[in-house]
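Chemist: Just passing along the structure, written as structure tokens.
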Amino acid sequence: MSGNAVKDGPVKVAIVGVGGFGGVYVKAILENMLPEGLAEFCAAVDPYAEKSSWYGKICESGVPVFPDMDAMFEKTSPELVVIATPIQFHHDQAVCAMRHGCGVLIEKPFAGSSDLCRDMMRVRDETGAYLSVGFQWCDDAAMRKAKEDRDSGMFGGPVSGKAIVLWPRNRAYYSRGIGWAGRKFSKDGQPIFDSVASNATAHYLFNMLWFLGDGLNAAEPVSVTATERRANDIETFDTIVMRARLDNGSRILYVASHAAGAAFNRNPCFEYTFEKGRLRYGNPDQKERELEFVFNDGTVKSYGISNRDDNTAKFMHALQNVRLGSAGTAWCRPEAALMHILAMERAYASAGEAEVFPADKVDVIDDTLTVRGLGEELNAEYERG
């Protein structure tokens with residue numbers, strides 16, 4: 001649904017990709033996690049739907065299951081299409097949905113290349129469709145309150161940002177699904193470039209660009225240097241240290257790895273420095289998931305608990321926008337999500353092929369490749385800033 005017409009009744013929703021992360025959206029509808037009357041689950045699209053843990057409940061609910069979007073559009077007309085498929089399908093599926101007059105909520109990352117991102121934005125502009133990208137921290141209540149204060153000038157101008165995420169992933173993680181994880185291109189040549197920074201921990205790189213940027217925009221990384229390494233047998237990388245200068249003059253450091261080991265598991269931690277103080281999250285001396293700004297005089301403003309894993313807010317916001325017929329109020333705008341893809345492309349250009357960690361430094365612990373000393377090294381890098 002596009003244009004300015006206000007819709008009555010529930011928004012008809014199709015979920016494309018019901019295994020993996022798509023199950024989050026299926027759960028939200030089937031377990032009544034959304035406001036009553038907001039959404040109607042009209043179609044599930046997935047050629048491997050029977051492998052989903054939600055398949056039985058989808059069928060019990062009477063929701064039709066289709067192998068592809070063409071088959072779906074022959075039988076039904078959704079108003080919002082949620083795309084939670086592997087990266088190489090994002091562009092074509094989003095374009096198909098918008099061409100059929102549907103709004104689109106597309107999971108991160110936006111696409112496998114900046115050219116594909118821009119083409120989706122072009123189709124959005126041509127069709128007037130709603131298009132949002134699923135970086136849920138943009139819809140988080142605590143984060144939005146802090147962003148409003150940042151944009152009001154309360155914090156002063158941005159100076160720098162740093163973030164770290166150390167999440168171990170086992171070898172099964174890289175062999176899941178149809179074999180796209182850690183790959184640069186699909187078998188038919190579509191760009192994927194799945195990596196620790198483009199996918200699993202993408203939220204925390206993107207959030208830094210978005211929060212340091214103005215309004216609903218994200219700052220552009222204009223100069224990027226990166227070190228990329230891998231322990232796993234993948235085409236991209238499982239460990240990165242990235243530095244960048246942004247178009248507003250601030251600088252960032254991003255540290256992430258899947259190979260530091262369970263002993264060094266570290267949930268997202270960041271510190272964004274402004275002229276008047278620092279926005280902090282995930283630090284050892286903070287309450288878990290508390291978001292706070294520490295002014296230079298020691299005064300602390302707490303924004304409360306930031307629930308970074310709550311996907312219902314972005315889902316509800318997309319549904320509400322489609323119901324209102326509004327194409328311009330996505331809190332995670334494609335223009336902003338594009339900056340994350342540009343950061344990844346410029347990191348690849350800087351680093352070249354990922355260096356392989358020496359075999360004598362790598363242990364296999366619970367089927368997870370773990371590089372000895374890596375956790376200490378990355379934590380020290382983050383603390384140095």
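Chemist: Given H placed 1.01 Å from N in the peptide plane, which residues other than close sequence neighbours of Lys12 have an amide H under 5 Å from its amide H?
Modeler: Correct list: Glu40, Glu79, Leu80.
Chemist: Please give the contour-minus-distance gain from Lys57 to His100: 0.36 nm per residue of separation, less the Cα-Cα distance, rounded to one decimal in nm. Walk me through the numbers on the way to the answer.
Modeler: Numbers: separation 43, 0.36 × 43 = 15.48 nm, distance 2.75 nm.
Difference between extended and current length: 12.7 nm.
Chemist: Report, in listed order, any pair from Lys147/Lys287; Lys12/Lys57; Lys57/Lys145; Lys27/Lys75; Lys162/Lys187 with a Cα-Cα distance greater than 26 Å. The partial results should precede the final answer.
Modeler: Values: Lys147/Lys287 20 Å; Lys12/Lys57 18 Å; Lys57/Lys145 37 Å; Lys27/Lys75 23 Å; Lys162/Lys187 36 Å.
Check vs 26 Å cut-off fails for Lys57/Lys145; Lys162/Lys187.
Chemist: In sequence order, what are the phi-derived ³J(HN,Hα) couplings for region 285-302 according to the Karplus relation 6.51 cos²θ - 1.76 cosθ + 1.60 with θ = phi - 60°, rounded to whole Hz, with x for glycine and proline?
Modeler: So the J values, rounded to whole Hz, are 8, 9, 5, 4, 6, 7, 10, 9, 10, 9, 6, 4, 8, x, 5, 10, 10, 9.
Chemist: Here is a follow-up. When the helices in the chain are scored as -39500 (n - 2.57) per DSSP H run of 4 or longer and the sum is shared across all residues, what 222 nm value do you end up with, to the nearest 500 deg cm²/dmol?
Modeler: Values: 10 runs with 111 residues, N = 385.
Result for the chain, helices only: -9000 deg cm²/dmol.
Chemist: Return the Rg/Rh value of the chain, two decimal places, where both radii are evaluated on C-alpha atoms and Rh is the Kirkwood radius.
Modeler: Details: Rg = 20.7 Å, Rh = 21.5 Å.
Looking at the chain, the ratio lands at 0.96.
Chemist: Now for a different question. What full-extension length gain, to one decimal in nm, is calculated for Ala141 and Ile365 as 0.36 nm per residue of separation minus the Cα-Cα distance? Display every interim value, and only then the final one.
Modeler: Values: separation 224, 0.36 × 224 = 80.64 nm, distance 3.82 nm.
Here the segment from Ala141 to Ile365 would lengthen by 76.8 nm.
Chemist: What is the calculated FRET efficiency for Val294 to Asp214, with r their C-beta to C-beta distance and R₀ = 25 Å, to the nearest 0.05? If you can, show how the numbers build up before the last one.
Modeler: Details: r = 22 Å, r/R0 = 0.88.
FRET efficiency, Val294 to Asp214: 0.70.
Chemist: Here's something else I'd like to know. Please give the helix 90-99 orientation as an angle from the longest Cα principal axis of the chain, in degrees from 0 to 90, rounded to the nearest 10.
Modeler: Taking Cα atoms only, the helix is inclined about 40 degrees.
Chemist: Which shape class, rounded, prolate or oblate, goes with region 196-340 when its Cα gyration tensor gives a ≥ b ≥ c as root eigenvalues, a/c under 1.5 marks rounded, and past that a/b bigger than b/c marks prolate?
Modeler: Details: a/c = 1.39, a/b = 1.15, b/c = 1.22.
Note, shape of region 196-340 comes out rounded.
Chemist: Could you give the dipole magnitude of region 256-385 about its Cα centre, charging the beta-carbon of Lys and Arg +1 and that of Asp and Glu -1, in debye to the nearest 20?
Modeler: Using only the charged Cβ atoms, the result is roughly 740 debye.
Chemist: Could you tell me which of rounded, prolate or oblate describes region 94-252, using a ≥ b ≥ c as the square roots of the eigenvalues of the alpha-carbon gyration tensor, with rounded for a/c under 1.5 and, failing that, prolate when a/b is larger than b/c and oblate otherwise?
Modeler: Values: a/c = 1.88, a/b = 1.13, b/c = 1.67.
Oblate, because a/c is 1.5 or more while a/b does not exceed b/c.
Chemist: Further question on the same structure: Note down the relative contact order for region 270-385 as a percent, whole number, built from C-alpha pairs under 8 angstrom at least six residues apart. Don't skip to the answer; put the middle values down first.
Modeler: Values: 81 pairs, mean separation 11.3, N = 116.
After rounding, I find 10 percent.
Chemist: Based on the Cβ-Cβ distance of Leu38 and Ser350, what FRET efficiency does E = 1/(1 + (r/R0)^6) give at R0 = 45 Å, to the nearest 0.05? Show your work: numbers first, answer last.
Modeler: On the way: r = 44 Å, r/R0 = 0.98.
Rounded to the nearest 0.05, the efficiency is 0.55.
Chemist: Hey, what angle do you get for helix 312-324 against the long axis of the chain, alpha-carbon based, 0 to 90 degrees rounded to 10?
Modeler: With both axes taken from Cα atoms, the answer is about 40 degrees.
Chemist: Under the rule that a partner needs its Cβ under 4.7 Å from the first Cβ, which Cys of the chain have none?
Modeler: Cys42, Cys59, Cys96, Cys102, Cys117, Cys269
Chemist: Once you have a ≥ b ≥ c as the square roots of the Cα gyration tensor eigenvalues for region 1-147, tell me rounded if a/c is under 1.5, and otherwise prolate or oblate according to whether a/b is larger than b/c. Walk me through the numbers on the way to the answer.
Modeler: Values: a/c = 1.30, a/b = 1.18, b/c = 1.11.
It is rounded, given that a/c, with a ≥ b ≥ c, falls under 1.5.
Chemist: Excluding Ser114 itself, what net charge comes from residues whose Cβ is under 13 Å from its Cβ, given Lys and Arg +1 and Asp and Glu -1?
Modeler: Working: positive: Arg118, Arg122, Arg346; negative: Asp115, Asp119, Glu220, Glu335, Glu345.
Value of the local net charge: -2.
Chemist: Follow-up question, since we're still on this one. Against the longest alpha carbon principal axis of the chain, how many degrees, from 0 to 90 and to the nearest 10, is the axis of helix 202-212 turned?
Modeler: 80
Chemist: Now a separate question. Taking the solvent-accessible surface of protein heavy atoms with a 1.4 Å probe, what is the per residue accessible area of the chain in Å²?
Modeler: On the way: 15690 Å² over 385 residues.
For the chain, the solvent-accessible area averages 41 Å² per residue.
Chemist: Relative contact order for the chain using alpha-carbon pairs under 8 Å, separation at least 6, rounded to a whole percent?
Modeler: Values: 847 pairs, mean separation 79.8, N = 385.
Result for the chain is 21 percent.
Chemist: Something else now. For region 138-222, what % of the accessible area comes from carbon and sulfur atoms, probe 1.4 Å? Could you put the intermediate results ahead of the total?
Modeler: Details: 1510 of 2970 Å².
Of all accessible area on region 138-222, carbon and sulfur atoms account for 51 percent.
Chemist: Taking K and R as +1 and D and E as -1, what net charge do the other residues with C-beta under 13 Å from the C-beta of Ala263 add up to? Please list the in-between numbers first.
Modeler: Details: positive: Arg266, Arg372; negative: Asp363, Asp366, Glu376.
Here the charged neighbours net out to -1.
Chemist: How much FRET efficiency would the formula 1/(1 + (r/R0)^6) give for Asn283 and Glu126, where r is the Cβ-Cβ distance and R0 is 45 Å, rounded to 0.05?
Modeler: On the way: r = 45 Å, r/R0 = 1.00.
Efficiency for this residue pair is about 0.50.
Chemist: Oh, and also: How big is the gap, in Å, between the Cα center of region 188-205 and the Cα center of region 306-385?
Modeler: 7
Chemist: Report the full-extension gain for the segment Ala262 to Asp309: residue separation times 0.36 nm, less the Cα-Cα distance, to one decimal in nm.
Modeler: 14.9 nm
The values are calculated or read from the model by the stated rules, or taken from the named source; none is laboratory data. Just so we're clear, the structure is a prediction, and the values are computed from it rather than from any experiment. Using ideal geometry, Cβ is built from the backbone for each residue, glycine included, and neighbour counts are taken over all protein chains shown. What goes into the accessible areas is simple: the full protein's heavy atoms, side chains included, and nothing from ligands, DNA or RNA. Shrake-Rupley method; radii C 1.70, N 1.55, O 1.52, S 1.80 Å.
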